[in-house]
Amino acid sequence: MKTIYIIDANALIDASKYYNMKKFTFAPIWTAIEELISQGELISSSEIFDELKDDDLLAWAKLHKEMFIPLSKEIQEHTVDILGKYPTMIKIKSSSNSNGDPFLVATAIQYGGCVITNERLGDEKSGDFHIPNVCNGYNIPYMDLNTFLDHVLK
């Protein structure tokens, strides 16, 4: 059985920033990513699409819109459960546009996949819950972008 990867906006943004899709050197990375998308093995939440602002990355994402899964009833129910347990996951007054995070984790719950994020564990004692904290709470595997690329470029 193949692993389904659910990718966070920060991992896509970092991939675009550090592995410029327009440079020939990094073509194998983007080819592997696009192959996973075409096979349905790399997905994300439609809410994550809304977090993308970079012109090149956004143009690329529009070409691969099928990877951004719409919010089904089940994903919305998982999101409600997540926010019930981790209400501070969404930061209302934050300048960052990371309100797609609970939807990303909910998509991982629904599809039984592994989350790709460059977020680090937050300080749970202070109620600072990040994607890895919530993944741990739901026994969802996660990894950072470089670990993911190591897996898919073998």
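Read-outs: derived from the displayed coordinates by stated rules, not from any lab. All figures in this text were calculated on a predicted structure; none of them were measured in a lab. Counting neighbours? That spans all protein chains shown, and the Cβs are built from the backbone with ideal geometry, glycine included.
In degrees between 0 and 90, to the nearest 10, how far off the longest principal axis of the chain does helix 9-18 point, with axes built from Cα atoms? Between helix and principal axis, roughly 30 degrees.
Give me the percent relative contact order of the chain, please, defined on Cα pairs under 8 angstrom at least 6 residues apart. Spell out each step's value before the answer.
Values: 212 pairs, mean separation 44.0, N = 154.
With pairs under 8 Å counted, the relative contact order is 29 percent.
If you average the alpha carbon positions of region 129-154 and of region 11-44, how far apart do those two centres end up, in angstrom? Here the answer is 17 Å between Cα centres. In the structure shown, the pairs 17/62; 22/62; 2/53 are assessed against 19 Å; a Cα-Cα span above that value is assigned to 2/53.
Projecting label points 7 angstrom from Cα along Cα→Cβ for residue 65 and residue 50 puts them 1.6 nm apart.
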